[in-house]
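Notes for the one structure printed next.
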Amino acid sequence: MSVINAIKAQLPPALATMAIEHFTTLDSTMLAAERQMQSGRRAPFLLLADQQTAGIGRRGHHFDSPPVAGLYFTYAMPAPTATALLTPAAGVALQQAVSQVVQVTATIKWVNDLLVNDRKVAGIMATFVPDPQPTVLIGVGVNLTPSAERHETKLGLPIGALLTAAPATDLRPTLLAQWLIHFTQLLQRPTQIMPAYRQHAAWLGRSVTLTGAGDNQRGIVQGFTDDGALQLLTSQGLITTTTGSIRLV
């Protein structure tokens, strides 16, 4: 059975009709999705690659995407009226899918990473594309199996792997299908997103440095607002931000 058929066989009818394309190699599923949209393609659709030669992380960082060692995809969806909770919803959905499929308990690092024992196992990014129709691209990269080609991230957060050995079967179709199912369900029940996010949030009560939101700030992670913003207790008081990235002190 092809990867696409294996994915669709696990989806409910409402999702199984969506166009899914599987590529051996792409520069980036995000870039490929943007190119397809510029050529007139309309959401929803999903692009999956076995390997990315120029995988994109947040803030211009590279996401290592060695061949068949991870799950790399972009989901193009019509932009909803409210977009603030899309990335938290994607993180919760991925945490739930990983727990269900791989039986590994991961935590969600604000705003876009999945961690296992403080080691990064997945990254998520969301990009708004206004034309030719308002669309949100959700890019997901998951490190499924060890690979000698993985590298340290530029932010100093070590890359991990979900599994210590290659699985007997390809986990990608089930992991992707379960992510789609959980993500769709969460968007239909938005009041459940942040409670689930807080339950699995990484680094609560720990000292971190916030970068990318003006001057660097050092403080203790206090929690997250209902719209997904970070609450950080600094020496100057409590600050709330929707932008930036955090790393452990």
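Please indicate, with yes or no, whether at least one residue in the stretch 139-149 is open to solvent by less than 30 Å² (accessible area, probe 1.4 Å), touching a Phe, Trp or Tyr at 6+ places or on another chain (Cβ under 6 Å), farther than 17 Å from residue 97 by Cβ and at pLDDT 90 or above.
Residues of the stretch 139-149 open to solvent by less than 30 Å² (accessible area, probe 1.4 Å): 139-145.
Pick out the ones that are also touching a Phe, Trp or Tyr at 6+ places or on another chain (Cβ under 6 Å) and you get 140-141.
With farther than 17 Å from residue 97 by Cβ added as a condition, the list becomes none.
Looking through the stretch 139-149, none of the residues is open to solvent by less than 30 Å² (accessible area, probe 1.4 Å), touching a Phe, Trp or Tyr at 6+ places or on another chain (Cβ under 6 Å), farther than 17 Å from residue 97 by Cβ and at pLDDT 90 or above.
From the set of residues in the stretch 56-82 that are at pLDDT 90 or above and assigned to a loop (DSSP other than H, G, I, E, B), which is least open to solvent (accessible area, probe 1.4 Å)? Full working, then the answer.
Kept after step one, since they are at pLDDT 90 or above, are these residues of the stretch 56-82: 71-80.
Filter once more, keeping what is assigned to a loop (DSSP other than H, G, I, E, B): 79-80.
Numbers: 79: 31, 80: 50 Å².
Looking at the filtered set, the residue picked out is 79.
Specify the residue that is surrounded by the most Cβ atoms within 10 Å (Cβ to Cβ); the eligible residues are those in the stretch 194-215 that are farther than 25 Å from residue 86 by Cβ and modelled with pLDDT of 95 or more.
From the stretch 194-215, those farther than 25 Å from residue 86 by Cβ are 205-207, 209, 215; that's our starting set.
Then drop every residue that is not modelled with pLDDT of 95 or more, which leaves 205-207, 209.
Details: 205: 9, 206: 12, 207: 12, 209: 15.
Filtering first and then ranking leaves 209.
Take residue 189 and decide whether it is modelled with pLDDT of 90 or more, surrounded by 18 or more Cβ atoms within 10 Å (Cβ to Cβ) and of a type in the set (D, E, K, R). Outline the logic, then answer.
Details: modelled with pLDDT of 90 or more: yes; surrounded by 18 or more Cβ atoms within 10 Å (Cβ to Cβ): no; of a type in the set (D, E, K, R): yes.
When the stated conditions are applied, residue 189 does not pass them.
Could you list all residues from the stretch 86-132 that are open to solvent by less than 20 Å² (accessible area, probe 1.4 Å) and among the polar types (S, T, N, Q)?
95, 112
Of all residues in the stretch 87-132, count the ones that are modelled with pLDDT of 90 or more and part of a helix (DSSP H, G or I).
The qualifying residues number 15.
Filter the stretch 19-43 down to the residues that are buried (at least 17 other Cβ atoms within 10 Å of the Cβ), in contact with a Ser or Thr (Cβ under 6 Å, 6 or more places away or on another chain) and either assigned to a loop (DSSP other than H, G, I, E, B) or not hydroxyl-bearing (Ser, Thr, Tyr) (or both) and list them by number.
Listed by number, the residues that qualify are 30, 33, 43.
Can you tell me how many residues within the stretch 220-249 are under 24 Å from residue 191 (Cβ atoms) and in contact with an Asp or Glu (Cβ under 8 Å, 6 or more places away or on another chain)?
The number of residues fulfilling the criteria is 1.
The values are calculated or read from the model by the stated rules, or taken from the named source; none is laboratory data. Model, not experiment: these values are computed from the prediction. Cβ sites come from the backbone with ideal geometry, for glycine too, and all protein chains shown count toward neighbours. Remember, those area values only see protein heavy atoms, side chains included, never the ligands or the DNA or RNA. Shrake-Rupley method; radii C 1.70, N 1.55, O 1.52, S 1.80 Å.
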